[in-house]
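Here the structure comes first, spelled out in structure tokens, and everything after it is commentary.
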Amino acid sequence: MNFLHTLYLSSIHFFKKCRISNPNIRFVQNRPKIHRWTEEELETLRIAVNKHGNKWKYISDNYFPLSRTPIAVQIRWSIINRNMSRPRTEEEDKILKYEVLISKPWTKEETEKLRVSILKYKQDWRKIADEFPDRSLFDIRKHHKCNASTNPNFKLGRWNDIEINLFKKAIKEHGKRWIKVSQIVGTRSPIQCIQFFNR
């Protein structure tokens, strides 16, 4: 027997359609009860997480049998952690430098510097990342992927007749598989191919 909560049914039309298409569905009229966390449960959760880390299923099964699901345990722990959080130290920031995405806009100078670095180091991303101490490796690779001007192998500006003919042939052959289309055209990135297709 399937149960659906009426809270999730946003329209009467959907409600009727469900009832007709599947008569085995029963609709629950009342909201599910919310059991607030007691201080004892919170203390138990702290002890369990300190001992077992983020093994939410294990903690749920062994410390809160039949009362808390693994998702409920994880959500409660994230709420507790948010309240206990403190600003990171300078040392922690250095450790997390490559983990945290620094999302500030790229300048023209940085983009040109990235292009030169790619010419110099090819695909050695660690060496390229050393040239940009204020950027994460993820940010550098994302900018390179989304910005054709950083890749010395791709042309910029107007498309010539040869590129257009290759593009049309690639679209007929591969559809909207932009990486394959880009490989056939040869001088344009997948992003440039998408932009050319959408113009």
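Scanning the stretch 59-74 for residues that are surrounded by fewer than 15 Cβ atoms within 10 Å (Cβ to Cβ), hydroxyl-bearing (Ser, Thr, Tyr) and modelled with pLDDT of 85 or more returns a single hit, Thr69.
A Cβ distance below 9 Å, combined with a sequence gap of six or more or placement on separate chains, defines the contacts here; from the stretch 61-79, residues that are assigned by TED's automatic domain parsing to the domain that holds Thr44 and in a loop (DSSP other than H, G, I, E, B) reach residues that are surrounded by 15 or more Cβ atoms within 10 Å (Cβ to Cβ) and charged (D, E, K, R) in the pairs Phe64/Glu41; Ser67/Glu41; Arg68/Glu41; Arg68/Arg76.
The values are calculated or read from the model by the stated rules, or taken from the named source; none is laboratory data. Everything numeric in this text was worked out from a predicted model, so none of it was measured. When we count neighbours, we look across all protein chains shown, and the Cβ atoms used for this are built from the backbone with ideal geometry, even at glycine.
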